[in-house]
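Any read-out appearing in this document is the output of simple, stated calculations on the displayed coordinates, not a laboratory observation. Worth saying up front: this structure is predicted, and the values here are computed from it rather than measured. We place every Cβ from the backbone using ideal geometry, glycine too, and count neighbours over all the protein chains shown.
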Amino acid sequence: MKKQWGGLLTFILIGVLSTVGQRAYAQAPSGDSSAQTAPAQAPAAAPTDPQPLPNPSMAGPLQTAVPHTFSAGPFGKVAITGILSGMGMVQNNWVPGDKSTHWDVSNAQIFVQKTSGWFQFYLQGGAYNLPDLGVPFTKTTDTLPDFYGPFPQGYLKLVKGNFNVEVGALPTLIGGEYTFSFENMNIERGILWNQENAVNRGIQVSDTFKKLSLSVSWNDGFYSNVYNWILGTASYPFNSSNTLAFVGGGNAGRTTSSSIATPFLQNNGSIYNILYTYSHESWVIEPYYQ
């Protein structure tokens, strides 16, 4: 796919929607002599705050807000958080049909999930757009009907030890960048991302053997609604800083459907990745070959 693109200046304003309990910390003033004469008391136990959850996945140091948790009856404890972000973009050398400036809501999404027990689930819904380097910008009101709708990802997850099965609209295994702008330090991702699929409707089986993590998925590839794609990944962390991963898959048949979300050539092809990740303190380096 041939692309024309020029200089680009992008900024993003992010606000996070979350309801969290207030934290209370009691400290005696440093100049208060009564703190030395008062009887010693056991310190009050600090409340346990919910921690950021693993979904949606985030690159490097990024993470969602601390979630609000509540009891959902037979489902047990459920967590909810969300994100609200806006973006402005200025560009030159834009392709015909595009414009030199854009302003839009880039994400207004809610995430509901259960991450404990043998039965788990993840639900993601709301508005979004998918800015990508080198292609015309699509505004948010057009992105939803053209791509993955107002509920782009959601799945059930059955867990037994390190083994799990996920069924639904799943994040793809392909590539080193995530689907939504708030998940990436580079909010426009790169040109490689535009050649990858983003949401796979299907089933995924995963397991971990010591340090080796394996996943296999049977799905509809580039959101074709024809279930003839097979994807697999293997990931091995050599230590806390160095991880190597292999990802590959392709269409086991042939699919005639074509749309913005389902490009004909990519959906009838195959794709492979070798990804290396180095992470230490403030550094995250992740080159990958595709």
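Couple of notes before you dig in:
- Other-chain or far-sequence residues with amide H under 5 Å of GLY82's (modelled H): LEU17, ALA65, PHE111
- Computed 3J(HN,Hα) for the stretch 162-179, one whole-Hz value per residue from the Karplus formula 6.51 cos²θ - 1.76 cosθ + 1.60 where θ = phi - 60°, is 7, 8, 8, 10, 10, 9, x, 8, 9, x, 5, 7, 7, x, x, 10, 9, 6, glycine and proline marked x.
- Residues with amide H under 5 Å from that of SER106, placed H, sequence gap 5 or more: SER85, GLY86, MET87
- Length added when fully stretched, VAL95-LYS77, from 0.36 nm per residue minus Cα-Cα: 1.6 nm
- Net +/- balance of residues flanking ASN200 in space, Cβ distance below 12 Å, scoring K and R +1, D and E -1: -2
- Over the stretch 115-273, relative contact order from alpha-carbon pairs under 8 Å, at least 6 apart, %: 17
- Extended-chain gain in nm, criterion 0.36 nm per residue less alpha-carbon gap, ASP142 and THR256: 38.7 nm
- Across the stretch 128-133, rounded Karplus estimates of 3J(HN,Hα) from the backbone phi angles (6.51 cos²θ - 1.76 cosθ + 1.60, θ = phi - 60°) give 6, 10, 10, x, 9, 4 Hz, Gly and Pro being marked x.
- What the phi angles of the stretch 95-109 give under the Karplus curve with 6.51, -1.76 and 1.60, with θ = phi - 60°, is a coupling list of 6, x, x, 8, 9, 7, 9, 9, 9, 6, 7, 8, 8, 9, 10 Hz, glycine and proline written as x.
- Relative contact order computed over the stretch 65-131 (Cα-Cα under 8 Å; 6+ residues apart), in percent: 27
- Cβ-defined net charge surrounding LYS99, 15 Å radius [Lys, Arg +1; Asp, Glu -1]: -2
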